[in-house]
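Asks: Below is one structure. I have some questions about it.
The values are calculated or read from the model by the stated rules, or taken from the named source; none is laboratory data. Given the structure is predicted, the values throughout are model-derived calculations rather than measurements. Neighbour counts run over all protein chains shown; Cβ positions are idealised from the backbone, glycine included. Side chains are part of the model used for accessible areas, which takes the heavy atoms of the whole protein and leaves out ligands, DNA and RNA. Shrake-Rupley method; radii C 1.70, N 1.55, O 1.52, S 1.80 Å.
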Amino acid sequence: MKEYNPSVRSLLDEPEQSSGPVYRYSDEELNEFKELIIKRLDNARKELAYLQGLITRKDEAGTDDTDNRFNHMEDGSGAMEREQLSQLAGRQIQFINHLEKAMIRIENKTYGICRVTGKLIDKARLRAVPHATLSIDAKKLMNK
């Protein structure tokens, strides 16, 4: 049986308080990212509404009662198209969810901090993928 040694820390112990500065993006930088995310959210919501409109449409001409019932070969194509549109809408919903979570991180002033390394995520990465929670280095480590 091991003897208790108070100088050895466990993973379950509280993290040591660092005496150094805490690195995060400034309020001005966070506002810049907030504006970018708001624009992306607006576009994503418009795209989602468009996709949902395509999914729920009955018939483009509104002539359900005069529909040609003899085109049996094309019957499956409508269902397949709706399935593809549903998948696109699902991805759009997920993207909106990620952007909304990024907005929460901005409000909490934790936006742009890698969840693995604790370092700032590069601004160019955040501009390209504003909902990113991993730095490039952490992403590479996760993919190995």
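Asks: Mind checking which residues of the range 102-138 are open to solvent by less than 40 Å² (accessible area, probe 1.4 Å) and either on the phi > 0 side of the Ramachandran plot or in a helix (DSSP H, G or I) (or both)?
Replies: Correct list: ALA102, MET103, ILE106, GLY112, LEU126, ALA138.
Asks: Modelled with pLDDT under 95, open to solvent by 60 Å² or more (accessible area, probe 1.4 Å) and of a type in the set (S, T, N, Q): does that describe ASN97?
Replies: no
Asks: Give the range 111-138 a look and list any residue that's touching a residue at least 60 places away in the same chain (Cβ under 8 Å) and among the hydrophobic types (A, V, I, L, M, F, W, C), or say none.
Replies: ILE113, LEU120, LEU126
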